[in-house]
Amino acid sequence: MTPTIADAKDHSRVLHDDDDLLFQRLIDAALVELAHYIAAPLPDPLPADLASAACEMVAYAYDNRADPEAKPGLVPAAARIAARYRGVRA
C-alpha cells in the first residue's frame, strides 16, 4: 500500500488541503530515500510498516520544513523499520 496524501496528512494531523502538492512531493522523496536505504527496489505492494515509515518521514519533513537545521533523511523510527528490509530482495 503506497501512502496517499490523505494517509500522510492524517499521520501529520493536517486538516487543510493547502499543502497537498507538498505532501505528494514529500511522499515521493520518502519512498526514494527508503529504497536507497534498503539498497533495493521497494516491494510492491508496499508493506504497511514501510508505508508507516514513509508517513513518519513525511511528518518530520513537513513539521520541520522551515528549519534550516533539520537534517534530511530517515528519522530514527523509519530507519528501524527499514533496517528489516536491508539486503532483502523481493
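The values are calculated or read from the model by the stated rules, or taken from the named source; none is laboratory data. Not measured: the values here are computed from a predicted model. Methodologically, a virtual Cβ is constructed for each residue, glycine included, from the backbone with ideal geometry; neighbour enumeration extends over all protein chains shown. Accessible surface areas use protein heavy atoms only, side chains included; no ligands, DNA or RNA. Shrake-Rupley method; radii C 1.70, N 1.55, O 1.52, S 1.80 Å.
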Open item on the list: Over the chain, with the other protein chains present, what is the accessible area per residue in square angstrom, probe 1.4 angstrom?
Closed with: 62
Open item on the list: Show me the helices of the chain, taken as full DSSP H stretches, that run 20 Å or more along their long axis by Cα and average 0.0 or above in Kyte-Doolittle hydropathy.
Closed with: 20-38, 48-63
Open item on the list: I need the semi-axes of the equivalent ellipsoid of segment 16-90: take the C-alpha gyration tensor, multiply each eigenvalue by 5, square-root it, list largest first in whole angstrom.
Closed with: 22, 14, 10
Open item on the list: As a test of reading the structure, rank H16, H36 by solvent-accessible area (1.4 Å probe, protein chains only), most first.
Closed with: H36, H16
Open item on the list: Leaving out ligands, DNA and RNA, and with a 1.4 Å probe, what % of the accessible surface on the chain is carbon or sulfur?
Closed with: 55
- [ ] Can you tell me the order of 2-12, 52-62 when each peptide is scored by its average per-residue count of other Cβ atoms within 10 angstrom, highest first?
- [x] 52-62, 2-12
Open item on the list: Please report the net charge: other residues with Cβ closer than 13 Å to the Cβ of L22, K and R +1, D and E -1.
Closed with: -3
Task: Over the chain: helical MRE at 222 nm, DSSP H runs n ≥ 4 each giving -39500 (n - 2.57), nearest 500 - done: -18000 deg cm²/dmol
